[in-house]
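Here the structure is laid out as structure tokens; the discussion comes afterwards.
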Amino acid sequence: MSGTDLRIQKTYMALTREFIELLKVKSFEQITVKELCDAAMVRTATFYNHFSDKYEFADFVIRDVLQRYHKDEKRTKELSGPEYYERLLDDAFTLLESNTDLIRSLASDSMLWSISEVIRSSVHDELLDHLTQDQKSGRDLAAQPELLTEFIIGALEQVVRWWFTAPEPILPEALKKQMLGSILRLVA
């Protein structure tokens, strides 16, 4: 969004701010585009110039949160071995914990698929590259890098779903420790 016209940035910021506020009192399914636009003081026509519907807008919000997070975080690419996987999980849970209300609001509705896709697209290529390099350097992987990438991301997606919906989820630190132990068994 940084290269975007200032007026558009202000519009996106207003829509995002009001969207998050509306999610505190209503489910995603109950929020209408008109209601969002009225709250953000943005014309409905302007909204539709940028987004085809509220689902595309919600996807934009999720990706924007992730993009801003990636800008601020220290990259994991320079790490290797267990440190890489530990940082990967730390980063994932830091992102989730810092956006719990937004994710919980969207996860309770039909946007769960979008959240999963954002997680997948943000981690996939880097993880695949890392596993491929591990294999080339002689690390004994439990499966081919492509399969392990899908397996780890799929596990992360399911654990996140469970964590957000379980009546008494495991504390984040304990969960990360258990997940790290499981991943390290796969990438000995």
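Every number in this text was worked out from the coordinates using simple rules, so none of it is lab data. All values reported here derive from a predicted model rather than from experimental measurement. So basically every Cβ, Gly included, is an ideal-geometry build from the backbone, and we count neighbours across all protein chains shown.
Points worth noting:
- C-alpha long axis of helix 54-72 to longest principal axis of the chain, angle in °: 50 degrees
- Helix 145-165 vs. the chain, principal-axis angle (Cα, 0 to 90°, nearest 10): 50 degrees
- Think of each Lys and Arg Cβ as +1 and each Asp and Glu Cβ as -1; about the Cα centre, that makes the dipole of the chain roughly 320 debye.
- A full extension of the chain between residue 136 and residue 26 corresponds to an added length of 34.6 nm, given 0.36 nm per residue minus the alpha carbon distance.
- For 151, 47, the sequence from fewest to most other C-beta atoms within 10 Å is 151, 47.
- If the segment from residue 104 to residue 173 were pulled out straight at 0.36 nm per residue, it would be longer than the present Cα-Cα gap by 22.9 nm.
- The count of lysine pairs in the chain with alpha-carbon distances below 30 Å, taking only pairs 8 or more places apart or on different chains, stands at 25.
- Dipole moment magnitude, nearest 20 debye, the stretch 6-50 about Cα centre, only Lys, Arg, Asp, Glu C-beta charged: 180 debye
- Counting other Cβ atoms within 10 Å as a rough exposure proxy, the listed residues 179, 13, 41 run 41, 13, 179 from fewest neighbours to most.
- FRET efficiency, residue 126 to residue 44 (Cβ-Cβ, R0 30 Å, nearest 0.05): 0.20
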